[in-house]
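The values are calculated or read from the model by the stated rules, or taken from the named source; none is laboratory data. Everything numeric here is computed off the predicted structure, so don't read it as measured data. Cβ coordinates were reconstructed from backbone atoms using ideal geometry, including for glycine residues, and neighbour counts include every protein chain displayed. We work out accessible area using only protein heavy atoms, side chains counted, and drop any ligands, DNA or RNA first. Shrake-Rupley method; radii C 1.70, N 1.55, O 1.52, S 1.80 Å.
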Amino acid sequence: MYRTKEIAAMVGVHPNTVRIYEEWGYISAVPRGVNGYRMYSDLHLFQLKIARTAFRCEIVQGLIRAKARAIVEASGKADFTQALEYAHAYLSHLEKEYSRALEAIELSEQWVCGIKATPAQTYTRKETALVLDLSTEVVRNWERNGLITVHRLSNGSRVYTENEIKRLKMIRTLRTAHYSISAILRLMNQAEHMRWTNLNIKEVLNTPEEHEDIISVTDRLVYSLEQAIESAKELISMLRERLNLEI
């Protein structure tokens, strides 16, 4: 059995964090001794380790954090079978975002080098949103903020080509990781004023100007996703081991 300070030290958090995790259901209810002090068991220690590993990911984009939280909440209920299922889904989601991130960098490099596709097919805004797995309002918002310019037909309707799709894929990935619109615009603007062969995509994105307030983790997209994937794999390993012990 452990007291609050003891178990907090073992997982490297403040004692208040342990109490908050109990309040939020991230660990099972903690019994109290005759003196009124909380008494934690190895179960609570394991649940805390699950929470700390799941929340190690610095990217707080909605789905990523929500999926990590689902693992922790299932663990807090001691439903480790469900937690393992969620962990696999979490890993799958992270790998998809990682693939998108790599694709975005590749598309960015093609874009600044002037490599364009020959438009063979056109899309409406609704069709474009479906291809990108976005809402039409998000696409419309990016247009309003100057991230992309779309040509119009004589009847006034917008037409998207494969080139706009590629550019929107870049923007989607960077916005998913909470790159600010100003950071993305900086990339576009620098690409227009520098020799294409001298432009380093990662360096431009990872170097905010002094007047811009960009959270540092969002400027380390690929690295952060790699770390998150490793954490997800660690969660799966921990949960599998726990379930084997319970059999």
Can you give me the Cα centroid spacing of segment 137-186 and segment 11-68 in angstrom? 40 Å
Probe 1.4 Å, all protein chains present, accessible-area order of 40, 223, 2, largest first: 223, 2, 40
Once the piece of chain linking residue 19 and residue 157 is laid out straight, how much longer is it, given 0.36 nm per residue of separation minus the C-alpha distance between them? 44.1 nm
If R0 = 22 Å, then residue 99 and residue 9, at their Cβ-Cβ distance, give a FRET efficiency to the nearest 0.05 of 0.05
Once you place label points 7 Å from the Cα toward the Cβ at residue 143 and residue 243, how far apart are they in nm? 4.7 nm
FRET E, pair residue 185, residue 126, Förster distance 22 Å, beta-carbon r, rounded to 0.05: 0.30
Give, in nm to one decimal, the length gained when the segment between residue 133 and residue 1 is fully stretched (0.36 nm per residue of separation minus the Cα-Cα distance). 42.7 nm
Enumerate the calculated ³J(HN,Hα) couplings along segment 12-28 in order (Karplus 6.51 cos²θ - 1.76 cosθ + 1.60, θ = phi - 60°), each rounded to whole Hz, writing x wherever the residue is Gly or Pro. x, 10, 6, x, 5, 5, 4, 5, 5, 4, 5, 4, 7, x, 7, 9, 5
Quick one: length gained pulling residue 29 to residue 92 fully straight, 0.36 nm per residue minus the C-alpha distance? 19.6 nm
For residue 6, tell me the accessible area in Å² from a 1.4 Å probe, rounded to the nearest 10. 100 Å²
Pairwise Cα inverse-distance average, inverted: Kirkwood Rh of segment 5-70 (Å): 12.6 Å
